[in-house]
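Since every read-out is calculated from the coordinates, none of them should be taken as a lab result. Because the structure is a prediction, the values reported are computed rather than measured. Backbone-built Cβ (ideal geometry, glycine too); neighbour counts: all protein chains shown.
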Amino acid sequence: MDIFTDASLNDRKKIAGISAVFVPAQTPKAITCYHSYCSVAKIETAELLAIAMALFLLKPQADKNIRIVSDSKGALRKIQRLFHHPDQRQIQTIKDAVQRKIMYNMSTSFAKMCNLYFSFWCIRGHQHKVQETSDAYYNAIADEEALIGRMGGENIQAQEKEHKTGVSTLSPEERVILNQTECLIVSPKQISFHYEEPKVPNATRRHPKNLFVRDFCKSARSH
């Protein structure tokens, strides 16, 4: 299973869209996309929350090998620092309270899938003329979904300011993160991090063009 995550931040409104695109490993007939939003001021926090959302949505019975691809090297470095060689004291070096909750949430997800093999890959974002079903192609879809999530969050924020309904503008994913309690830092059975894209495309993970169908994309709010 390959999972592509991304985030899109509106600096002025402090609203970010987050996304996760799930690509089955074996000749998939479809991909599954999710998008949501969060109220943050830092793009790195949004990128981390997108990865946390992907782990939260991932089913324990998923493929044994999980590859997560992000264009945020900073977010991946922070995850590596905490989970590559787990140290319970290391999380205290993360000063941002929301980011600490995100990390605790990731640990909770890892604990439920401790027998899976996770690899995290960094990709260059916003590439042009991408090949269909390539990593850059799925990253572009994740980018689109994050934009949709951000626009949805902006609309909800605007409606609340205009009508003062008193309804929380937090997305379900953000509420889960903010309600996360402290826990032990747990890593999966195997975890690795990769920051250089392969020079030669990995043909084994490309799928025949006629088998690729984009089935549906939906908001994580409806999950």
The range 33-54 scanned against label point 7 Å out from ASN10 along Cα→C-beta; backbone N under 15 Å for 36-42
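Taking 0.36 nm per residue of sequence separation and subtracting the Cα-Cα distance, how much length would be gained by fully extending the chain between ASN155 and HIS128, in nm to one decimal?
Computed gain between ASN155 and HIS128 is 6.8 nm.
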Simple spin-label estimate for GLN190/GLN80, 7 Å along Cα→Cβ, in nm, reads 1.8 nm
Here the range 2-222 gives, from Cα atoms, an Rg and Dmax in Å of 17.1, 54
So ALA41 and GLN61, fully extended at 0.36 nm per residue minus their Cα-Cα distance, gain in nm 3.7 nm
Links exceeding 31 Å between C-alpha atoms in this model, out of LYS59/LYS129; LYS13/LYS112; LYS14/LYS64; LYS64/LYS95; LYS101/LYS129; LYS101/LYS189, come to LYS59/LYS129; LYS13/LYS112; LYS14/LYS64; LYS64/LYS95; LYS101/LYS129
Going from the fewest other Cβ atoms within 10 Å to the most, one would list CYS33, CYS122 as CYS122, CYS33
So THR181 and ALA30, fully extended at 0.36 nm per residue minus their Cα-Cα distance, gain in nm 50.8 nm
A correct fewest-to-most ranking of LYS101, LYS161 by other Cβ atoms within 10 Å would be LYS161, LYS101
Ranked on Cβ counts within 10 Å of their own Cβ, fewest leading, SER109, SER119, SER192 go SER192, SER119, SER109
